[in-house]
Amino acid sequence: MDLQELLGEELYNQVVEKAGDNKIAVVSDGSYIPKEKFDAVNTEKNDYKQQIADRDEQLNELSKKAKGNEELQQEIDQLKEQNETTKNDYETKLQQKEFDHKLESTLSGAKAKNTKALKALLDMDTIKLDGDTLKGLDTQLEGLKESDPYLFEEDQQEGGGKPSFTTGQHQQQGNLDAFAQTLLGK
């Protein structure tokens, strides 16, 4: 549901007029990340990459200086392996976070009522992140929508899904008069 559907045409136009060039988004779909949080995570990631690059450079310089000393050379090689392992672990965790975020936002976009319950029914081994798309997820979601439709919010057609309420025309005065006459014995 976008903001225009949520607010209605008239109210939406008033909001857009007041907001001017500022962007407005509906943040309840799970895809919004506050800029401060994104900047913090992005800075942290860049710092880690720089630290690894600095360590690799230091090890290369130390390796050049240690030529001829076998014991020191072995220690440097061990440190290089540890750095490579740390780097690979970090990249794996980063890829897993990207996968999890994309999966969560895709499930929210598919109008899942409970993403945690839906994840339990998915075969995660067949879902792969390829760039910005999750391969193997769409077919599983379509199958689950058919077999377990209760896991998803219903698509509400115009006028069909929402109940309509009207203010009733009550005849309070007439009912009160009749009640009063009953009490007075008239």
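Only the coordinates and a few stated rules stand behind these numbers; no lab work does. Here the structure is a predicted model, which is why all the values come from computation and not from measurement. Here the Cβ positions follow ideal geometry from the backbone for every residue, glycine too, while neighbour counts run over all protein chains shown.
GLU75 meets each of the listed conditions (1) surrounded by fewer than 10 Cβ atoms within 10 Å (Cβ to Cβ); (2) more than 35 Å from the chain's Cα centre (by Cα) apart from (1). Taking each residue of region 108-128 that is farther than 18 Å from GLU153 by Cα and looking for partners that are aliphatic (A, V, I, L, M) with beta-carbon atoms closer than 6 Å, six or more apart or interchain, yields ILE127/LEU134; ILE127/LEU137.
When region 116-136 is examined, which residues are found to be surrounded by 11 or more Cβ atoms within 10 Å (Cβ to Cβ) and closer than 13 Å to ASP100 by Cβ?
Pass one, region 116-136, residues surrounded by 11 or more Cβ atoms within 10 Å (Cβ to Cβ): 117-119, 121-122, 124, 126-129, 133-136.
Once the filter is applied, which keeps residues that are surrounded by 11 or more Cβ atoms within 10 Å (Cβ to Cβ) and closer than 13 Å to ASP100 by Cβ, region 116-136 yields LYS119, LEU122, MET124, ILE127, LEU129, LEU134.
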